[in-house]
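Notes follow the structure.
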Amino acid sequence: MIKLYYSSESRIGKQAVGYVNASYKDVLAVDIMKSNVTGTQWKDMAEHLNLTIGELIDKEHPKFQENYDHDANLSEDGWIKILDEKPEVFTNAIAIIGNDYILVENPSDIEKYLDPNSKGINERKYIQKDIEGSSDII
């Protein structure tokens, strides 16, 4: 099972959903723009990633900069409040695959954890012998 926390307003989030949906694993995709993520969940994910909650926030995002300086120093509850009120400032995604927590900064980051799309394909069906006996893939 793959759990993916992402923002449907984020390019990275949209692409990460595409990657996990193309896998042959069960997927629970949590769009933080539509579903509330609790402070406890944010704290747990940050701890597993060895990050602070503040490090999950894109401090360059316009919605963050409307109210805060790039060097803002907030409490854990303050960072959680920002994620709760302005979830779009979370521009990455977090994939939980088994016991692995992956901060998805590039959607291909999770590719190595996924089953290949060709699972179950009979590759022999796609190999044809040419006249001289060598194999060509068609």
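Brief remarks follow.
- Tally, over region 40-73, of residues that are over 19 Å from GLU105 (Cβ atoms) and at pLDDT 95 or above: 4
- Of the residues screened, ALA46 is not one that is surrounded by 18 or more Cβ atoms within 10 Å (Cβ to Cβ) and either in contact with a Phe, Trp or Tyr (Cβ under 8 Å, 6 or more places away or on another chain) or assigned to a loop (DSSP other than H, G, I, E, B) (or both).
- Some residue of region 83-102 being without any contact (Cβ under 8 Å) to a residue 12 or more places away in the chain, part of a helix (DSSP H, G or I) and under 16 Å from GLN41 (Cα atoms): yes
- Checked against (1) more than 13 Å from ILE110 (Cβ to Cβ); (2) of a type in the set (Ser, Thr, Tyr); (3) part of a strand (DSSP E or B), SER35 passes all but condition (3).
- Complete set of residues in region 38-52 that are touching a residue at least 24 places away in the same chain (Cβ under 8 Å) and over 16 Å from TYR6 (Cβ atoms): GLY39, LYS43, HIS48, LEU51, THR52
- If only residues of region 103-126 that are part of a helix (DSSP H, G or I) and within 8 Å of the chain's Cα centre (by Cα) are counted, the one that is modelled with the lowest pLDDT is ILE110.
- Residue list for region 11-26, restricted to those being charged (D, E, K, R) and either part of a loop (DSSP other than H, G, I, E, B) or more than 18 Å from ASP58 (Cβ to Cβ) (or both): LYS25, ASP26
- Enumeration of residues in region 53-67 that are surrounded by 14 or more Cβ atoms within 10 Å (Cβ to Cβ) and not in a helix (DSSP H, G or I): ILE57, ASP58, LYS59, HIS61
- Every test in (1) farther than 14 Å from LEU83 by Cα; (2) without any contact (Cβ under 8 Å) to a residue 12 or more places away in the chain is passed by SER35 save one, and that test is (1).
The values are calculated or read from the model by the stated rules, or taken from the named source; none is laboratory data. What you see is a predicted model, and the numbers here were worked out from it, not measured in a lab. Virtual Cβ from ideal backbone geometry, glycine too; neighbours counted across all protein chains shown.
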